[in-house]
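Step one of this worksheet: look at the structure below.
The values are calculated or read from the model by the stated rules, or taken from the named source; none is laboratory data. Small disclaimer: the values here were computed from a predicted structure and weren't measured. Note that each Cβ is placed from the backbone with ideal geometry, even for glycine, and that neighbours are counted across all protein chains shown. Keep in mind that these areas ignore ligands, DNA and RNA; they rest on the heavy atoms of the full protein, side chains included. Shrake-Rupley method; radii C 1.70, N 1.55, O 1.52, S 1.80 Å.
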Amino acid sequence: ACVMDSFDIRSGPWSANQIDAHLRSATIPIRLASSGTFPLVQSLWFTFDGTALWCATPRDSVLSKRLSRANGIGFEVAADTPPYFGVRGTGRAQLLPADAATVLPQLIDKYLGDQTAPLAKWLLSRLDEEVAIRIDSLTLSSWDYSARM
């Protein structure tokens with residue numbers, strides 16, 4: 001069940017429960033936008049726990065370095081093919097190195113479905129180099145052009 005007050009809905013046709021369901025079930029990567037001397041958009045695997053979005057990235061990545069300086073982040077979870085629908089928003093990101101050991105296997109299960117796959121083994125072999133990203137204080141907007149398409 002959705003925690004109805006865990007995020008702020010700014011606009012769009014979807015209810016909190018519809019947004020929650022989309023973020024929990026989407027198997028497309030999240031697009032994260034961070035700021036620095038130039039904008040950066042990256043696609044990462046993610047999970048949603050009803051309150052926060054979770055990702056993992058290398059500790060020494062550009063994204064990690066940016067988030068350690070400024071934790072504001074923008075994001076979008078939307079497919080590239082019709083019918084177009086999705087959720088976008090902003091939040092506050094926190095780098096949590098100790099949580100990578102929990103988050104990375106969850107991401108592998110969601111996106112690969114098999115922790116014995118070659119990519120999964122490679123990612124897990126680098127676990128000490130990963131950090132979890134927790135994005136909360138979510139402000140969200142939805143859109144859904146299904147009826148028009």
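Quick notes
- In order along region 72-85, phi translates into HN-Hα couplings of x, 8, x, 7, 8, 10, 7, 6, 9, 10, x, x, 7, 7 Hz, rounded to whole numbers, per the Karplus curve 6.51 cos²θ - 1.76 cosθ + 1.60 with θ = phi - 60° and x for Gly and Pro.
- Between the amide H of Asp8 and those of Leu138, Thr139, Leu140, distances stay under 5 Å, these residues lying 5 or more places away or on another chain, with hydrogens modeled in the peptide plane.
- Neighbour cut-off at most 15 other Cβ (10 Å), DSSP loop, chymotrypsin sites (Phe, Trp or Tyr not before Pro), region 38-115: Tyr84
- Gaussian network model of the chain, Cα within-10 Å springs - most flexible of Pro83, Pro58, Pro97: Pro83
- Mean residue ellipticity (222 nm) of the chain, computed from DSSP H runs ≥ 4 via -39,500 (n - 2.57), nearest 500: -7500 deg cm²/dmol
- Dividing the Cα radius of gyration of the chain by its Kirkwood radius returns 0.97 for Rg/Rh.
- Accessible-area composition of the chain, carbon plus sulfur, in percent [1.4 Å probe]: 53 percent
- Within-14-Å neighbourhood charge of Thr37 [Cβ basis; K, R +1; D, E -1]: +3
- Accessible surface for region 31-80, divided over its residues, is 46 Å² per residue with a 1.4 Å probe.
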